[in-house]
Amino acid sequence: MRRALPLLALAALLPAAAGAVSAAVRAAEAAAYARCAVCHLPGGEGLPGAVPPLVGPFAALAADAQGRAYLALVAKFGLAGPIESGGARYLGVMPAQHAALDDAALAAALNHMLRELNGAHFDARLRPFSAAEIARIEAQHPGANPRANAALRAALAKGLLP
């Protein structure tokens, strides 16, 4: 996957009409999401009782600074411990993805989740993730790990998560 990452960088440079996204960008985002789809499934629906869905409050999280940090940190460093999503309880571990996906690929996967799985339209309020943003979030959260990400999720549950 790391060898395919130059495609992600190239795709990010391709011009897109306002509101439209090139097929190359969508393909690069889908390729990055393929690793996530192994557990969360191609449509992001997850597996009841085992793997939480990636549809639902995802866009609300991505529109909030703390929510964006949470999404980036979970994608990069994983998540461990009990969580609740959509009224269902999950107890498991999401493995860290930073060894397999660099920041550009993580941003592309998150953008696929937003655009394709949640039907989000990027605008001033909801902007696409970037590799630079993923790196900045990581720098702001030294020592990020799966358990710390669970604590961050618990804090977000009071306002952004159902």
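Brief remarks follow.
- Restricting region 127-162 to residues that are part of a loop (DSSP other than H, G, I, E, B) and small (Gly, Ala, Ser) leaves a set whose member that is surrounded by the fewest Cβ atoms within 10 Å (Cβ to Cβ) is Gly143.
- Check on Glu45, assigned to a strand (DSSP E or B) and either within 20 Å of Arg153 (Cβ to Cβ) or in contact with a helix residue (DSSP H, G or I) (Cβ under 7 Å, 6 or more places away or on another chain) (or both): no
- Some residue of region 59-67 being out of contact with any strand residue (DSSP E or B) (no Cβ under 9 Å at 6 or more places or on another chain), outside any loop (DSSP other than H, G, I, E, B), open to solvent by 30 Å² or more (accessible area, probe 1.4 Å) and hydrophobic (A, V, I, L, M, F, W, C): yes
- Number of residues in region 82-118 that are touching a residue at least 24 places away in the same chain (Cβ under 8 Å) and more than 20 Å from Gly159 (Cα to Cα): the value is 22.
- Annotation: Gly81 fulfils all but one of (1) small (Gly, Ala, Ser); (2) part of a helix (DSSP H, G or I); (3) over 14 Å from the mean Cα position of the chain (by Cα); the unmet one is (2).
- Residue count, region 39-54 (criterion: open to solvent by 20 Å² or more (accessible area, probe 1.4 Å) and either modelled with pLDDT under 90 or small (Gly, Ala, Ser) (or both)): 4
- Taking first residues from region 21-35 that are closer than 15 Å to Gln97 by Cβ and partners that are among the hydrophobic types (A, V, I, L, M, F, W, C) and in a helix (DSSP H, G or I), the Cβ contacts under 6 Å between residues at least 6 apart in sequence or on separate chains come to Glu29/Ala108; Ala32/Ala105; Ala32/Ala108; Ala32/Ala109; Tyr33/Ala109.
- Any chance Val74 is under 12 Å from the mean Cα position of the chain (by Cα), under 26 Å from Arg147 (Cα atoms), open to solvent by less than 40 Å² (accessible area, probe 1.4 Å) and among the β-branched types (Val, Ile, Thr): yes
- Within region 102-109, the presence of at least one residue that is more than 14 Å from Phe58 (Cα to Cα), among the acidic types (Asp, Glu), assigned to a loop (DSSP other than H, G, I, E, B) and open to solvent by less than 60 Å² (accessible area, probe 1.4 Å) is confirmed.
The values are calculated or read from the model by the stated rules, or taken from the named source; none is laboratory data. For clarity, every value in this text was computed on a predicted model and none was experimentally measured. No Cβ is skipped: glycine too gets one built from the backbone with ideal geometry, and neighbour counts run over all protein chains shown. What goes into the accessible areas is simple: the full protein's heavy atoms, side chains included, and nothing from ligands, DNA or RNA. Shrake-Rupley method; radii C 1.70, N 1.55, O 1.52, S 1.80 Å.
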